[in-house]
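*Asks:* Let me begin by handing over the structure; questions about it come next.
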Amino acid sequence: MMIFNVEEKNILALFHAGSRQGTIDNFKMVLGNIEDTELEEVCQHIFDKLTKMSDEEYATLDLKTDEEFEFEEG
């Protein structure tokens, strides 16, 4: 089973589309268009994990966001 850290889970929750394939499609739309290099690397890493996991594994993910998570500005 793929393990996602807190930051990855929070980003994944933002792109969650109800299914693994839908979420992958959401990541495909933004990858390459993210101006922040670090954020793009994290998103690419999440995308890579998503493509390697099964639909069944994806369905077991707890995608509740961490209430303490905050995006850093500039």
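*Asks:* Looking at Thr65, Thr37, Thr23, which is the one that is among the β-branched types (Val, Ile, Thr) and at pLDDT 95 or above?
*Replies:* On inspection, the qualifying residue turns out to be Thr23.
*Asks:* Answer with yes or no whether Glu38 is among the charged types (D, E, K, R), assigned to a helix (DSSP H, G or I) and loosely packed, with under 12 Cβ neighbours inside 10 Å.
*Replies:* yes
*Asks:* Name every residue in segment 1-25 that is open to solvent by 60 Å² or more (accessible area, probe 1.4 Å) and part of a helix (DSSP H, G or I), in order of residue number.
*Replies:* If the condition is that a residue be open to solvent by 60 Å² or more (accessible area, probe 1.4 Å) and part of a helix (DSSP H, G or I), then Val6, Glu7, Lys9, Leu14, Gln21, Asp25 are the ones that fit.
The values are calculated or read from the model by the stated rules, or taken from the named source; none is laboratory data. Just so it is clear, the model here is predicted, and its values are computed rather than measured. For neighbour counting, all protein chains shown are included, and Cβ atoms are generated from backbone atoms with ideal geometry for every residue, glycine included. When the accessible area is computed, the model is the full protein with side chains, heavy atoms only, and any ligands, DNA or RNA have been set aside. Shrake-Rupley method; radii C 1.70, N 1.55, O 1.52, S 1.80 Å.
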